[in-house]
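Notes follow the structure.
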C-alpha cells in the first residue's frame, strides 16, 4: 500500500478504470470534488488507465489540474482486463472504504453518499441498482434478462449486476480474486465468500446514455460468463456432481439407444448398414469421459484442500475466560 497523505480511516478512495472510450473523466472528477466537499469527506481519486490515447490523456491532465494532490493516475502496461486493474488499484488505495465508478455517467454522484454510509454502518459491499431512466425498451429487456440469468445461475437476487458503481470495505478487493471481466460479478463472488452484500436503488445520472445493443459476439461472451458463474457458485467444491450428472445423462441415453437397437436386432432387423449405431456408442463414451473429468477434479481438490480457502471468518464468539469470569463473580463473606 502506498504512503498515505491522509489518515486511512477517514479517507474514501474512488477507483475509476479509464479506457480509450472514456469521454467524461474531467467532468466526473469535478462532480466528485463537489460532492465530497459538500459532505465534508476526505477522499482520493485513483484513475486506472491502460491507454495512452491523446484525448484520454488530455482529460486526465484536466482532472489533475482540478483536484491536485487528491488524484493519482496509475498507468498500466501489458494489462487489458479491468479486474486486474481494480485489484492493483486497491493495493494502492489509502482509504478503508473504496468506491468504484465507471468513467461514464451512470448514477447521480450524490447517490454514492448512501452507498458509503451503508458500508460505514457495517455492510461489506453495497452496489447501486439503477432506477429506470432514459433507456429504450430493448436495452431494459436485455438488462433484465441478463440479471435474471445470473441470479438463477448464482442463486442470488441482484437487480442490476451490470452497475459499475459500488462501495465496499477495502478488505473485499484484497480477498476476492478478480480476473478478466469478473469484476462485473463482484457482488456474487463476494457473497459466495460470506461478505455482507447489499443493493440500494439509485437515481440515474441526468446525462446517462441509454445502454447500448451489443454485437452478437458480446452476448456470446456474456452467455459463457453466466455458465462460468453457475459453475463457480455451485460446483467448485463438488465437480463430480456436475460432470457426473452430465456423464450419467450421456451414458443413460446411450444405453437406452443401445438397448433399443439390441431389441431390434433380436427381432431380425439388420444393424450393419445403419449409422445410428454409432451415436449411442459415442454417447456412452462421452459419458465415461465426463465421469473421468469429474473424478480428476475431485482428486485435485482432495490433494489441494489444505491450500484452498474459499471462505472467511466474519466473527469469533467465545465465552469469557475462567480468570475473567472469576473476577466478575461477587465476593462471598
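Some points to look at:
- Residue match in the range 88-104 (condition: free of Cβ contacts under 8 Å to residues at least 40 places away in the same chain and not in a helix (DSSP H, G or I)): no
- Failed condition for residue 85, given (1) more than 22 Å from the chain's Cα centre (by Cα); (2) closer than 19 Å to residue 187 by Cβ: (1)
- Filtered by the rule that a residue be in a loop (DSSP other than H, G, I, E, B) and either on the phi > 0 side of the Ramachandran plot or surrounded by fewer than 17 Cβ atoms within 10 Å (Cβ to Cβ) (or both), the range 165-210 gives 177, 179, 180, 181, 194, 196, 203, 206, 207, 209, 210.
- Any hit, the range 44-56, residues being closer than 21 Å to residue 165 by Cα, in the same structural domain as residue 208 (by TED's automatic domain parsing), part of a helix (DSSP H, G or I) and at pLDDT below 90: yes
- Residues of the range 19-43 that turn out to be buried (at least 23 other Cβ atoms within 10 Å of the Cβ), farther than 12 Å from residue 70 by Cα and at pLDDT 90 or above, as a count: 1
- Count of residues meeting criterion [at pLDDT 85 or above and farther than 29 Å from residue 110 by Cβ] in the range 147-191: 1
- Residue 157 being assigned to a loop (DSSP other than H, G, I, E, B) and over 30 Å from residue 93 (Cβ atoms): no
The values are calculated or read from the model by the stated rules, or taken from the named source; none is laboratory data. For clarity, every value in this text was computed on a predicted model and none was experimentally measured. Note that each Cβ is placed from the backbone with ideal geometry, even for glycine, and that neighbours are counted across all protein chains shown.
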